[in-house]
Structures are given as structure tokens and as C-alpha cells.
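These notes concern the structure reproduced below.
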Amino acid sequence: MQTSQMQSISSTSIVERYLAFFTGRGHLELPGSPLVIAGSTTSFTIAGMQPLLPYLRGQEMPPSKRLTALQRCLRTVDVDAVGTNERKLTFFHMLGNWSVGDYGKRGVIELALELLRDFGFERHSLWVTTFAGDPTLNLPPDEQTVEEWLRQGFPPERIVSLGVDDNFWTMGGPGPCGPDTEIFYDRGVELGCGKTTCQPGCDCPRFLEIWNLVFIEYDRFPDGSLARLPFLSVDTGMGLERVALLLQGVESVFETDLFLPAVARLTELAPVGVVGNSSVEQRARRIILDHTRSALFVGLEGIIPGRDERNSVLRRLVRRASRQGRILGIDHPFLGELVLLFAQGHSILLTEQERQCLHILPDMLTNEETRFAHVLTTGLKRLDKLIPGEDGLVSGEDLFKLHAEKGFPSDLAAEILAERGLQVDWSGYDRAFEQHREISRVSAERHFQS
Ligand code: GLY
């Protein structure tokens with residue numbers, strides 16, 4: 001069955017069916033955690049397992065050995081990739097089921113295949129990856145998982161073994177982790193890159209990862225070393241937006257039902273074809289949609305755009321989205337309007353309390369956009385005048401001055417220059433930064449003495 005022949009189901013139905021499937025099989029449904037967890041090692045929740053860490057480490061008794069939840073996640077570490085493909089999002093919903101020392105590899109694979117069949121995914125379009133092992137970390141290949149997939153009738157050519165970067169899941173730092181097996185949907189050879197090496201893990205649109213089954217066997221320490229946990233747990237993550245892409249028969253996550261009201265308004269504000277270069281236009285639309293949706297969920301945590309930590313993440317998202325608006329010819333604040341349309345698209349996924357707080361978000365975004373508009377206008381003019389030197393690099397000192405004198409964010413400046421095929425002399429930038437720091441230090445000392 002091709003995706004277009006699958007029965008289209010709404011994102012909220014996918015959530016309901018997933019949670020009902022697992023609660024019907026002895027899992028306790030937990031409310032999703034906030035995006036900000038006090039004492040967490042990450043600024044925002046990045047995975048569904050994060051709120052469960054004390055259970056996975058055997059430090060606390062879980063309310064049930066089988067758990068399920070819908071978790072909001074925000075990952076901005078690769079924010080630059082948003083817009084370059086049909087699937088990359090900073091904010092996404094992760095559907096998860098967990099076994100805390102209960103079922104293991106066979107159990108989770110059986111459950112996953114049963115639910116995928118219920119959703120209408122045909123077995124012959126599914127591929128899987130497993131962990132190939134890593135001699136430097138002294139980790140063996142995950143042969144047991146390969147055996148389980150073979151036992152389920154998967155042909156060896158659709159079981160791909162990959163290394164630590166692809167199939168060993170960690171939180172990006174310390175914490176529970178382990179080898180994983182990922183389930184991919186083959187969207188068809190016509191979407192492939194055509195390379196002989198094209199397989200799950202390839203960056204092209206053909207193979208879409210839909211579900212990650214992680215075998216939590218280790219705890220990772222800050223120095224990267226691993227210690228075996230007292231028991232094996234299973235942590236799974238299914239990206240709601242990706243599954244919606246397939247089950248709704250659309251080309252990208254940005255065309256799924258959750259995005260529709262905001263997409264419609266954005267198209268009114270900037271009709272399709274407004275930019276000569278269609279890939280620049282597509283990237284701009286995707287960044288605006290992704291970042292505004294993230295701003296909705298970050299804003300609902302009570303975070304406002306600002307200079308520090310989480311506030312700066314929100315500020316960066318708003319500023320990047322605002323700048324892409326300019327590329328589409330939108331010269332007035334518009335994100336406040338879009339954020340409410342995202343709230344409308346996600347209405348069922350918001351709590352009553354969140355729905356009541358929504359009214360503060362448009363002004364918050366509009367104020368940030370307005371503050372940024374002036375900086376952007378003057379900064380863009382100055383950027384236009386920067387020309388690369390003989391070494392082909394744009395002066396880092398000039399870029400630093402743009403930041404120090406006009407408040408123009410250097411990461412954004414570098415991004416704009418990169419879009420024009422230009423690189424920055426970052427060592428010159430660092431030198432200018434150090435000089436500036438020294439001047440500030442001396443002047444602060446003088447000021448203190450006077
Ligand atoms: N915790 C599994 C995942 O985020 O993919």
C-alpha cells in the first residue's frame with residue numbers, strides 16, 4: 001500500500017490511537033512533562049524519556065513498569081537544518097511507550113509491528129536499522145535485535161546495521177542511553193537520491209525514520225564512559241508529525257493538519273512564487289512555520305524573548321523567523337498572528353490553562369519583531385557593503401563591529417553571508433572580541449578608580 005492509499009487520519013487521532021493501543025496493553029498513560037524541567041541537564045526537554053530518568057536508573061519506583069505518553073520536545077542544536085528538508089523541526093511531539101525493566105527487545109518489536117499494522121503501514125515498506133557495535137567504546141554489535149527482526153520475517157537486506165552515530169542513542173551528554181533499532185518507512189524509489197548507497201540513514205527523502213526503539217542498558221557519565229544499569233529498559237520515540245506526514249499522504253511535515261491554519265495565512269501574506277528562487281522561498285516558509293510553532297510552545301512555558309539561556313533561544317527563533325519574513329516580502333510584524341493560528345491547529349493538544357494564556361503571546365512576539373526590525377534594516381544595509389578580502393573571507397572585525405555597534409546578531413549575520421556563499425574570518429572576529437573585552441576591562445577599572 002502506498003501512503004496515498006492509506007486512510008488519512010488527523011494528528012489528534014494518531015495520538016489517541018497510539019495511547020489507547022498502549023493503555024490497552026497494560027501501559028499507564030502519563031501526562032506529558034513541561035518543556036522546561038527544573039534541574040535538567042538540557043535547557044528544554046529533548047526526549048520523551050527525560051522525565052523518566054529516575055525510573056530508568058532504578059532510583060525510584062515507577063507507578064507502573066509499562067508507561068506511555070505524548071511528550072513535547074524542543075531540539076535547537078541543529079536549528080540551521082530547518083528548511084532544508086521535508087522533516088526537520090525544532091519543536092515536535094514524541095509519542096512514547098516505555099518498559100521499565102519489563103518487556104525487552106522481542107516484546108517492543110512485537111508491539112511496534114502490531115501498531116504499525118493497525119495504522120495501515122505495510123510490512124514490505126518498512127526497513128530497520130540496528131547497532132553495528134563500536135570497538136573503541138568496546139560495545140558489541142546488537143545481534144539479538146537482528147535475530148528478532150529476522151524472526152519477524154524481515155529480509156536481511158531490509159535490516160541495516162549502522163554505527164554509533166546512527167544507532168546508539170544518548171541524550172547528547174550524560175544520562176541513560178543504549179543501542180537502538182530504528183524503523184523507517186520507504187516512501188518510494190522515486191523520492192530517492194539515486195545513489196547506490198541510498199538506504200535508511202541517507203539524508204534524502206526516500207527513507208523516513210518514524211520510530212526509534214532504544215534499549216536503555218547504560219548510564220553515560222560526563223567523561224563519556226558507560227556503566228551498565230541494573231536492568232534493561234526500553235524507551236521508544238515516534239515522531240507524531242512524521243507519522244502524520246505519511247498517514248495524511250502529504251509531502252512534508254509542514255503540510256500536515258497541525259500546520260494548515262498557519263500555512264493558509266502565510267500564503268495570504270506572501271503568495272507562493274513571491275521569491276524568484278523557489279528553494280529560498282521554500283526554506284523561508286519552513287523556517288517561519290517551524291520557529292513560530294516552537295515559539296508558541298516555549299512561550300506557553302512563560303518564557304519571554306531575552307538575552308539569557310532559554311530566553312535567548314526564544315529570541316533567536318523569533319528573529320530568524322522575522323528575517324525570513326522579509327525574504328518573503330513581509331515588512332510588518334506577522335508572527336503574533338501566526339502563533340494564534342498554530343494554537344488553533346493544536347487546540348486539542350493544549351491544556352485549558354494554556355488556552356487561557358494564549359492572548360499574551362501575540363504582543364510578546366510583535367514586540368520582539370518590532371525591536372528587531374530596526375536592527376535588521378540597518379544591519380542588512382551594512383552587511384550588503386561587506387566584501388570578502390583576498391583570502392575570500394569577510395572581515396571578522398567588521399562583523400564584530402556590526403554586533404557591538406548595532407546589536408546585529410553575529411550568528412544571523414554569518415548565516416546571511418553563508419546564503420550568499422561567503423565565509424567569515426572567525427579568528428579575526430575572536431581577536432576583535434578580545435580587544436573589545438580588554439578595552440571594556442580597562443575602562444571599567446578607570447571608571448571604578450575615578
Ligand atoms: N528517546 C528516543 C528518541 O528520542 O529517539
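The values are calculated or read from the model by the stated rules, or taken from the named source; none is laboratory data. Computed from a prediction, not measured in an experiment: that's the story for all the values here. Positions of Cβ are backbone-derived with ideal geometry, glycine not excepted, and every protein chain shown enters the neighbour counts.
Within segment 110-129, being within 14 Å of the ligand (Cβ to nearest atom) and of a type in the set (S, T, N, Q) holds for one residue alone: THR129. Contact annotation: residue pairs with Cβ atoms under 7 Å, 6 or more positions apart or on different chains, pairing a residue in segment 43-69 that is farther than 12 Å from PRO176 by Cα and free of Cβ contacts under 8 Å to residues at least 24 places away in the same chain with a partner that is in a helix (DSSP H, G or I) and not basic (Lys, Arg), are GLU60/PRO54. Applying a threshold of 6 Å to beta carbon distances and a minimum spacing of six or more residues, or different chains, the list of pairs starting in segment 71-83 at a residue that is under 17 Å from GLN324 (Cα atoms) and free of Cβ contacts under 8 Å to residues at least 24 places away in the same chain and ending at one that is among the polar types (S, T, N, Q) and more than 15 Å from the ligand (Cβ to nearest atom) is empty. If only residues of segment 84-109 that are within 15 Å of the ligand (Cβ to nearest atom), part of a loop (DSSP other than H, G, I, E, B) and of a type in the set (Val, Ile, Thr) are counted, the one that is farthest from GLN324 (Cα to Cα) is VAL100. The set of residues in segment 159-174 that are out of contact with any Asp or Glu (no Cβ under 7 Å at 6 or more places or on another chain) and within 11 Å of the ligand (Cβ to nearest atom) comprises THR170, MET171, GLY172.
When GLU217, GLU143 are checked against the criterion of being more than 24 Å from the chain's Cα centre (by Cα) and more than 16 Å from the ligand (Cβ to nearest atom), a single residue qualifies: GLU143. Of the helices (runs of 4 or more DSSP H) lying entirely inside segment 236-303, those containing at least 2 residues that are β-branched (Val, Ile, Thr) and closer than 23 Å to LEU74 by Cα span 278-299.
Scanning segment 38-83 for residues that are away from the ligand (no atom under 12 Å from the Cβ), touching an Asp or Glu at 6+ places or on another chain (Cβ under 7 Å) and under 17 Å from PRO230 (Cβ atoms) returns PRO54, ARG57, LYS65. A search for C-beta distances below 7 Å between a residue of segment 421-450 that is within 18 Å of GLY407 (Cα to Cα) and in a helix (DSSP H, G or I) and any residue that is modelled with pLDDT under 90 and hydrophobic (A, V, I, L, M, F, W, C), counting only pairs 6+ apart in sequence or on different chains, returns HIS436/ALA404. Scanning segment 327-354 for residues that are more than 17 Å from ALA262 (Cα to Cα) and of a type in the set (D, E, K, R) gives ASP331, GLU352, GLU354. When TYR18, TYR55 are checked against the criterion of being within 26 Å of PHE342 (Cβ to Cβ) and either surrounded by fewer than 18 Cβ atoms within 10 Å (Cβ to Cβ) or not small (Gly, Ala, Ser) (or both), a single residue qualifies: TYR18.
Inspection of segment 110-118 finds a residue satisfying the criterion of being touching a residue at least 24 places away in the same chain (Cβ under 8 Å) and out of contact with any helix residue (DSSP H, G or I) (no Cβ under 9 Å at 6 or more places or on another chain).
Can SER225 be described as within 16 Å of the ligand (Cβ to nearest atom) and among the hydroxyl-bearing types (Ser, Thr, Tyr)?
Numbers: within 16 Å of the ligand (Cβ to nearest atom): no; among the hydroxyl-bearing types (Ser, Thr, Tyr): yes.
So SER225 fails the test.
Across segment 43-84, the number of residues qualifying as charged (D, E, K, R) and closer than 21 Å to ILE288 by Cα comes to 4. Scoring MET1 on the criteria (1) more than 26 Å from LEU296 (Cβ to Cβ); (2) modelled with pLDDT of 95 or more leaves a single failure, condition (2).
Taken over segment 388-403, the criterion of being in a loop (DSSP other than H, G, I, E, B) and of a type in the set (Asp, Glu) is satisfied by GLU390, ASP391.
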